[in-house]
Amino acid sequence: MIAGNMAKAGTDVQLDYGKAIPWKQRPFTKAVVLGVIVLAVFVGWRWGPAVRDRINLLYLQQHCKTYQLPADHIMFTTDPADYDRLLKANDGYFAASSIFGDTRPDGSAMPAYVWYDCLAWRNFPTGGWGPGPVFLHSRRTPSGEERLIALELGILEDRVTIFCRNFKPASLFNAGDLSRSASTDGGGFGFRSPVRIYAGQPDPNDESVFTMRVKSGARGTTVRARVRDDGTITIESPDELDPTKWPERKSP
């Protein structure tokens, strides 16, 4: 009887263990959170600037890869009739002269020229000088590798020189080859009449090709360039760079 009463009494006993500690207040959780914060601060200090710079580079690079002006936009001209009109427009045009000075060895004046400044190229880390490129866009080699192309021009006496640089674009985890870009001396062409060069255009039917329309006096032609698998640029039909062989045109 006594044992039965004790058993019954035992069923009425409640043990109070207290309220459970919220997981946020547990020492282990606090240690984990503190560790994550410390790790985040270290990662931000160690790699934050590099990540920020890479993201900024990709942003600027995208502007270059998609840069395109209308086909009738003048990028480069030695025609005095264009000087005042373009320079007074205050729309990105600048005057310049030959890299070898304002006069030839015989004392005669070198042809001056007006070129269009490409802000996308000026802001790009490996760009930033003038004259700016007459063509700036992404193209692909025949094997499918993407390249960023910048076709630049200059004046050497009565000759337009062509210099083409191209880069393997950077990605979030790859710097590409922006610091060691392949370059191609595309030669050039002589001219006696003033020359006018328009914004280069990507070929819509061939991702490895781009074109550049040129006019000298009453003659004009369209120059085609192609990106090769080795990263160099070929100017197709070099004879077309001889203005005496260009057809008569009335292009603007």
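The values are calculated or read from the model by the stated rules, or taken from the named source; none is laboratory data. It should be emphasised that the depicted structure is a prediction, and the values quoted were computed from it without experimental measurement. A quick note on method: Cβ atoms are made from the backbone with ideal geometry, for glycine too, and the neighbour counts reach across all protein chains shown.
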Practice prompt. Kindly establish whether residue 223 is crowded, with 21+ Cβ neighbours inside 10 Å, among the aliphatic types (A, V, I, L, M), in contact with a Ser or Thr (Cβ under 7 Å, 6 or more places away or on another chain) and under 26 Å from residue 92 (Cβ atoms).
Written response: yes
Worksheet item: Has the range 196-204 got any residue that is modelled with pLDDT of 80 or more, assigned to a loop (DSSP other than H, G, I, E, B), among the hydrophobic types (A, V, I, L, M, F, W, C) and under 30 Å from residue 82 (Cα atoms)?
Response: yes
Worksheet, complete the sentence: Within the range 208-218, residues surrounded by fewer than 19 Cβ atoms within 10 Å (Cβ to Cβ) and modelled with pLDDT under 85 come out as 217, 218
Discussion item. For the range 24-143, give me every one of the helices (runs of 4 or more DSSP H) that falls completely inside it and has 1 or more residues that are modelled with pLDDT under 75 and surrounded by 14 or more Cβ atoms within 10 Å (Cβ to Cβ).
Written reply: none
Item to complete: Search the range 49-61 for residues that are outside the structural domain of residue 124 (by TED's automatic domain parsing) and pair each with any residue that is surrounded by fewer than 14 Cβ atoms within 10 Å (Cβ to Cβ) and in a helix (DSSP H, G or I) when their beta-carbon atoms are under 9 Å apart and the residues are at least 6 apart or on different chains.
Response: 51/44
Item to complete: Look at residue 148 and say whether it is in a strand (DSSP E or B), aliphatic (A, V, I, L, M) and closer than 20 Å to residue 198 by Cβ.
Response: no
Fill in: Residue that is modelled with the lowest pLDDT [pool: residues in the range 169-195 that are closer than 21 Å to residue 118 by Cβ, part of a strand (DSSP E or B) and among the hydrophobic types (A, V, I, L, M, F, W, C)]
182
